[in-house]
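Participant: Here's a structure for you.
The values are calculated or read from the model by the stated rules, or taken from the named source; none is laboratory data. It should be emphasised that the depicted structure is a prediction, and the values quoted were computed from it without experimental measurement. All Cβ positions, glycine included, derive from the backbone under ideal geometry; neighbour counts span all protein chains shown. These area figures cover heavy atoms from the full protein model, side chains too; ligands, DNA and RNA do not enter into them. Shrake-Rupley method; radii C 1.70, N 1.55, O 1.52, S 1.80 Å.
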Amino acid sequence: MAIIRSKIGIIGAGISGIAAAKQLAKYEPIVFEATDCIGGVWKHCSYRSTKLQTPRCDYEFSDFPWSQRDNMSFPTYEEILEYLYSYAQYFDVLKFVKFNSKVVEIKFVGDQEMNYFGAKINGEYGCLLNGKPVWEVAVQTNQSETLQWYAFEYLVMCTGKYGDIPNMPNFPHKKGPEVFKGKVLHTLDYSKLDQEASTKLLKGKKVVVVGYKKSAIDLAVECAEANQGPEGKACTMVVRTLHWTVPHYSIWGLPFYLFYSTRSSQFLHSRPNQGLIRTLLCHLLSPLRRGASKLIESYLVWKLPLEKYGLKPEHPFEEDYASCQMAILPHNFFAEADKGKILFKRTLSKWWFWEGGIEFEDNTKLEADVVILATGFDGKKKLRDILPDPFRSLLEFPSGMIPLYRGTVHPLIPNMAFVGYLESVSNLHSAEIRCIWLSRLVDDLFKLPSVEKMLEQVTQEMEIMKRTTRFYKRNCISTFSINHSDEICEEMGWQSWRKRNWLAEAFSPYNSQDYAWGK
């Protein structure tokens, strides 16, 4: 079968893939989507109660506002999918998408002169699109077992960190799910159930949910709602690592963005490429930074029964925010706990299955009919499974993070971008601005710095994350996101309007429309 050639290929049609396709539309990219619809995790990993964790005005494309953007309620996953479809249709992006097309293998066929350091010629970067294929991609469709091969000059990976591959715990021999007489499933399996099937699974059952992040919390509420009345059973959450939860975006009557999402608030935090004076100021102003975290903690302890249920974390709130671990609580979470419909099992010990439920290292047991693992996803495995050597090994870093320059390109992987692997307070904005940066890079409107400088920048960012939070294995830039966007925009020839009016705008909320082309 003949190889189909094109300039740009995009793998994945979630938020990041659609954003990339829109920004690179002039090249008529081919977008491979393994399923029959766009939306990524919003389509395939959402429950009926799943909602966005930020107001809709903070989760929109810069050139496509929500129709009701002033509505301060959190949009449901259906609303987000409708918004994404409207965006894709408005900008005529769907024509690029090949549905039911799963990428099963990728081969590097680039010129050896690239030397694994991008399109590097005589020590300097040349044009990324020079007419020669760099990557070959094998695609399998639902209609055929035969692989179709494609060749691209540039490849954009938008497979995401979540969904597809569940992160499963390891169990001792003969102490795994096979010995349990009840039902075991991952949240990925649960998200595929419709309302009738999910209610049937949970109603009247002793359910154990392993985890205490957003998906686990939402699931516990759905379980409680399915077990109302005297005949209903309680859902027990097995909590190993506590994280701060927030009921809404208001702290002691102040909008939450004042604490972390303005230039003045982020000035208190370290950022890459800061000089000695800036470092000294950060040290001198650290009491203010800790004070802001303490103020939020005091509100949450007052507002929520965290101490009553033993759910007050020992670490500062700032560490959860700096690692993008903060979760928004459903409004009735603790109301259901007060009714006895949600119970908590705090443990630091290992656990495994027995025939009647799960057992802990201290010999205590939990009886269960259903065990649901809210243990996250293995996004890196999706990449490792299709990337060839030696590039596969470059995704691993001692910290656990993927080392990406500008959160987009790996300095040692040529003609390939990764969108959707960096997190901030608004992942949609993070994806869009990096797709714009990528399109201008491909258009040859600016050049990448040397490999050494890119690695230095990546290392600085990782060191900041490592110093800021113990949960630094996530690529999260929430405490220096404005500076991160400033540097990206300056690199591609933009200027920040707010940056030039810093004093006037120091306490205004930041958003993606604060950047003006060519100003």
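Participant: State which residue is farthest from A374 (Cα to Cα) when the search covers only the range 169-187 and only residues that are open to solvent by 90 Å² or more (accessible area, probe 1.4 Å) and not charged (D, E, K, R). Give the derivation first.
Facilitator: Quick first cut of the range 169-187, residues open to solvent by 90 Å² or more (accessible area, probe 1.4 Å) only: 170, 173-174, 178, 181, 183.
Then keep just the ones that are not charged (D, E, K, R); that gives 170, 173.
Values: N170: 14, H173: 22 Å.
Selected residue: H173.
Participant: Pick out the one residue from R474, R467 that is in contact (Cβ under 8 Å) with a residue 12 or more places away in the chain, charged (D, E, K, R) and closer than 20 Å to A327 by Cβ. If you could, list the steps in order and put the result at the bottom.
Facilitator: Numbers: R467 fails: closer than 20 Å to A327 by Cβ.
Being in contact (Cβ under 8 Å) with a residue 12 or more places away in the chain, charged (D, E, K, R) and closer than 20 Å to A327 by Cβ holds for just one of R474, R467, which is R474.
Participant: Any chance you could count how many residues in the range 340-360 are farther than 30 Å from M401 by Cα and either surrounded by fewer than 14 Cβ atoms within 10 Å (Cβ to Cβ) or touching a Gly at 6+ places or on another chain (Cβ under 9 Å) (or both)?
Facilitator: Going through the range 340-360 one residue at a time, the tally reaches 7.
Participant: Select, from L404, L373, L395, the only residue that is more than 27 Å from C489 (Cα to Cα) and either surrounded by 16 or more Cβ atoms within 10 Å (Cβ to Cβ) or not assigned by the TED database to the domain that holds K192 (or both).
Facilitator: Details: L404 fails: more than 27 Å from C489 (Cα to Cα); L395 fails: more than 27 Å from C489 (Cα to Cα).
Being more than 27 Å from C489 (Cα to Cα) and either surrounded by 16 or more Cβ atoms within 10 Å (Cβ to Cβ) or not assigned by the TED database to the domain that holds K192 (or both) holds for just one of L404, L373, L395, which is L373.
Participant: Would a scan of the range 96-107 turn up a residue that is surrounded by fewer than 18 Cβ atoms within 10 Å (Cβ to Cβ), in a helix (DSSP H, G or I) and at pLDDT 95 or above?
Facilitator: No, because not a single residue in the range 96-107 is surrounded by fewer than 18 Cβ atoms within 10 Å (Cβ to Cβ), in a helix (DSSP H, G or I) and at pLDDT 95 or above.
Participant: I need the full set of residues from the range 407-425 which are assigned to a loop (DSSP other than H, G, I, E, B), open to solvent by less than 10 Å² (accessible area, probe 1.4 Å) and in contact (Cβ under 8 Å) with a residue 60 or more places away in the chain, in order please.
Facilitator: G407, P411, I413, P414, N415, V419, Y421, listed by residue number.
This table checks each residue for (1) over 25 Å from the mean Cα position of the chain (by Cα); (2) more than 30 Å from Y405 (Cβ to Cβ); (3) without any contact (Cβ under 8 Å) to a residue 12 or more places away in the chain.
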residue: Q274; (1), (2), (3): yes, no, yes
residue: R278; (1), (2), (3): yes, no, yes
residue: S286; (1), (2), (3): yes, no, no
residue: L295; (1), (2), (3): yes, yes, no
residue: W302; (1), (2), (3): yes, yes, yes
residue: P305; (1), (2), (3): yes, yes, no
residue: K308; (1), (2), (3): yes, yes, yes
residue: P313; (1), (2), (3): no, yes, no
residue: P316; (1), (2), (3): no, no, no
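Participant: Here's another thing I want to ask about it. Do we have R474 as touching an Asp or Glu at 6+ places or on another chain (Cβ under 9 Å) and either outside any loop (DSSP other than H, G, I, E, B) or modelled with pLDDT under 80 (or both) here? Can you show your working first?
Facilitator: Working: touching an Asp or Glu at 6+ places or on another chain (Cβ under 9 Å): yes; either outside any loop (DSSP other than H, G, I, E, B) or modelled with pLDDT under 80 (or both): yes.
Yes.
Participant: Out of (1) part of a helix (DSSP H, G or I); (2) modelled with pLDDT of 90 or more; (3) open to solvent by 10 Å² or more (accessible area, probe 1.4 Å), the odd one out for M462 is which?
Facilitator: (2)
Participant: On to the next question. Working only within the range 265-288, note down all residues that are among the aliphatic types (A, V, I, L, M) and surrounded by 18 or more Cβ atoms within 10 Å (Cβ to Cβ). Spell out how you get there, then give the answer.
Facilitator: Here is the first cut: in the range 265-288, the ones among the aliphatic types (A, V, I, L, M) are 268, 276-277, 280-281, 284-285, 288.
Matches in the range 265-288: L268 only.
Participant: What number of residues within the range 188-227 are at pLDDT below 90 and aliphatic (A, V, I, L, M)?
Facilitator: The total comes to 0.
Participant: I'd like the full set of residues that are small (G, A, S) and in contact (Cβ under 8 Å) with a residue 40 or more places away in the chain, limited to the range 338-392. Don't jump to the end; show me each part of the working.
Facilitator: The initial filter retains those residues of the range 338-392 that are small (G, A, S), namely 340, 349, 356-357, 368, 374, 376, 379.
Answer for the range 338-392, where residues must be small (G, A, S) and in contact (Cβ under 8 Å) with a residue 40 or more places away in the chain: G340, G356, G357, A368, A374, G376, G379.
Participant: Please verify whether I277 is closer than 17 Å to L242 by Cβ and not acidic (D, E), treating the condition exactly as stated. Let's see the steps before the verdict.
Facilitator: On the way: closer than 17 Å to L242 by Cβ: no; not acidic (D, E): yes.
It is false that I277 is closer than 17 Å to L242 by Cβ and not acidic (D, E).
Participant: What's the number of the only condition in (1) in contact (Cβ under 8 Å) with a residue 60 or more places away in the chain; (2) open to solvent by 20 Å² or more (accessible area, probe 1.4 Å); (3) within 30 Å of Y154 (Cβ to Cβ) that R48 fails to meet?
Facilitator: (3)
Participant: Quick test of your reading of the structure: L81 fulfils all but one of (1) in contact with a Gly (Cβ under 7 Å, 6 or more places away or on another chain); (2) crowded, with 23+ Cβ neighbours inside 10 Å. Name the failing condition by number.
Facilitator: Of the numbered conditions (1) in contact with a Gly (Cβ under 7 Å, 6 or more places away or on another chain); (2) crowded, with 23+ Cβ neighbours inside 10 Å, the odd one out for L81 is (2).
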